[in-house]
Amino acid sequence: ANRNTAFNGRSWLYFAQEQSGLIKIGRTRQLGRRIRCLSTSSPRPVKLLGAIPETWLSEAEAHLHFRRSRIHGEWFQPTDEMLAV
């Protein structure tokens with residue numbers, strides 16, 4: 001069985017960091033699959049920093065909250081708050 005099965009099916013807000021330090025804030029229903037997909041599409045390694053059920057905070061709310069740190073699209077400069085997820 002896939003060890004990420006427990007994470008599939010519900011909507012997750014995730015924070016993933018690529019090797020340069022930038023953090024992607026996104027949402028998915030298949031967390032394990034999404035992180036693997038990010039890792040294979042990025043020229044640098046990507047790691048999952050954390051994820052919370054999107055019922056606590058939506059992707060749009062997170063993007064608005066961290067808007068001052070936005071670099072491009074869903075990618076942000078890391079903040080202490082993001083790294084504490």
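Quick check: anything in the stretch 42-49 in a loop (DSSP other than H, G, I, E, B), in contact (Cβ under 8 Å) with a residue 40 or more places away in the chain and either loosely packed, with under 13 Cβ neighbours inside 10 Å or in contact with a Phe, Trp or Tyr (Cβ under 9 Å, 6 or more places away or on another chain) (or both)? Steps first, please.
Taking the stretch 42-49 and keeping what is in a loop (DSSP other than H, G, I, E, B), we get 42-45.
Add one more test, that the residue is in contact (Cβ under 8 Å) with a residue 40 or more places away in the chain, and what stays is none.
The answer is no, given that none of the residues of the stretch 42-49 is in a loop (DSSP other than H, G, I, E, B), in contact (Cβ under 8 Å) with a residue 40 or more places away in the chain and either loosely packed, with under 13 Cβ neighbours inside 10 Å or in contact with a Phe, Trp or Tyr (Cβ under 9 Å, 6 or more places away or on another chain) (or both).
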So in the stretch 11-41, with the set limited to residues that are basic (K, R) and assigned to a strand (DSSP E or B), which one is farthest from the chain's Cα centre (by Cα)? R27
Could you grab the pairs with beta carbons closer than 8 Å, sequence gap of 6+ or different chains, first residue in the stretch 60-78 and touching a residue at least 60 places away in the same chain (Cβ under 8 Å) and open to solvent by 40 Å² or more (accessible area, probe 1.4 Å), second one assigned to a helix (DSSP H, G or I) and not charged (D, E, K, R)? P78/S69
Taking the stretch 20-41, which residues are loosely packed, with under 14 Cβ neighbours inside 10 Å, closer than 18 Å to G73 by Cβ and without any contact (Cβ under 8 Å) to a residue 40 or more places away in the chain? S20, C37, S41
Out of the residues in the stretch 4-44 that are more than 22 Å from R70 (Cβ to Cβ) and β-branched (V, I, T), state the one that is modelled with the lowest pLDDT. T5
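Determine whether A84 is at pLDDT 90 or above and farther than 15 Å from R10 by Cα. It would help to see each step written out before you state the result.
Details: at pLDDT 90 or above: no; farther than 15 Å from R10 by Cα: yes.
The answer is no for A84.
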Regarding T55, is this residue open to solvent by 70 Å² or more (accessible area, probe 1.4 Å) and either among the aromatic types (F, W, Y) or part of a helix (DSSP H, G or I) (or both)? no
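Limited to the stretch 19-67, what total is found for residues that are small (G, A, S) and touching a strand residue (DSSP E or B) at 6+ places or on another chain (Cβ under 8 Å)?
Qualifying residue count for the region: 7.
The values are calculated or read from the model by the stated rules, or taken from the named source; none is laboratory data. Here the structure is a predicted model, which is why all the values come from computation and not from measurement. Here Cβ is always computed from backbone atoms with ideal geometry, including for glycine, and neighbour counts include all displayed protein chains. Note: accessible area is taken over every heavy atom of the protein model, side chains too, but ligands, DNA and RNA are not part of it. Shrake-Rupley method; radii C 1.70, N 1.55, O 1.52, S 1.80 Å.
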